[in-house]
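Written below as structure tokens is the structure these notes are about.
Throughout, read-outs are computed from the coordinates displayed, never taken from laboratory work. The structure displayed is predicted, hence computed values, not measured ones. All Cβ positions, even for glycine, are placed from backbone atoms using ideal geometry, and neighbour counts span all protein chains on display.
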Amino acid sequence: MRQLVSVSETFSDSTPGFLFSKVVYQENGDFFIARAAERSFPPAFDLESLQGKCIPLETQHLPLPPDLTDSIRAPDPLPEDTFVKTIKFLSYDPDKPGAEPLGEILIQELRVYEDLCRHPHPNICEYQGYVVDEMAVWKKMDIDFDVLMKDYKNAVDHLHNLGWIHNDISDFGACTREGAPIHIGTPLWAKADFWHVAEKENDYYGLQRAELFIRDGGQGPNWQLD
């Protein structure tokens, strides 16, 4: 019996048209990635009929690099109200087996959170440390949508004051130092013109996109490619 792990939808770069769904599922302890012609929200595909390719976890998980050997270890057992962030399997490309391991993104995030641990902010999740099997861990936060955007902006300003640029409001994996070159970004969230250098303008654009998404759930006429 297969278990659905995560799904996403892929759209054309030039038009807002739907292309396909990416599906990650687990079967007999292994993880697989597949494509489906049907939409994902709500799921319209048959999980059991998908022909997926196995994700080699041994090539994707990474050990702690030397500069992070003194990083904070998460408590064991973990508090009940914690969220464990793991590798984003949807980013795995079976056609590029030699690409950068997915775990590299978590390593970069860990560096940012270690810095934020020394400079906490009430609108940024409380970092608890890392666990060996699943890497970065932080505490869940209740969301009050009435003040969400104000808190969101305050959190981004805090990152800027520390010299970090988020770059992709929908995903923390692109966070890097201001002025550094960047090569990744989520379509519809990161403006293509900004996918070169980490600048504050990248985050201001992302905040605008986040506000639009919160208002209409990504379904309104304003939620489309620029």
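Numbers at a glance
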| read-out | value |
| --- | --- |
| Difference of contour (0.36 nm per residue) and Cα-Cα distance, ILE214 to HIS160 | 17.1 nm |
| GLN26 versus GLU48: modelled label distance in nm, points set 7 Å from Cα along the beta carbon direction | 2.0 |
| Fully extended contour minus Cα-Cα distance, from ARG177 to LEU57, at 0.36 nm per residue | 40.3 nm |
| For region 100-114, 3J(HN,Hα) per residue [Karplus equation, 6.51 cos²θ - 1.76 cosθ + 1.60, θ = phi - 60°, Hz, x = Gly/Pro] | 4, x, 4, x, 4, 5, 5, 4, 5, 5, 4, 4, 5, 5, 4 |
| Listed residue pairs exceeding 25 Å between alpha carbons, taken from LYS85/LYS153; LYS22/LYS150; LYS150/LYS200 | LYS22/LYS150 |
| Ranked by how many other beta carbons lie within 10 Å on average, peptides 72-81, 171-180 from highest | 171-180, 72-81 |
| Net dipole in debye of region 59-142 [+1 Lys, Arg Cβ; -1 Asp, Glu Cβ; about Cα centre; nearest 20] | 80 |
| Two-site label geometry, THR69 and PHE41: point separation in nm, points 7 Å out along Cα→Cβ | 4.4 |
| Ranked packing of 156-166, 91-101, most packed first, by mean Cβ within 10 Å | 156-166, 91-101 |
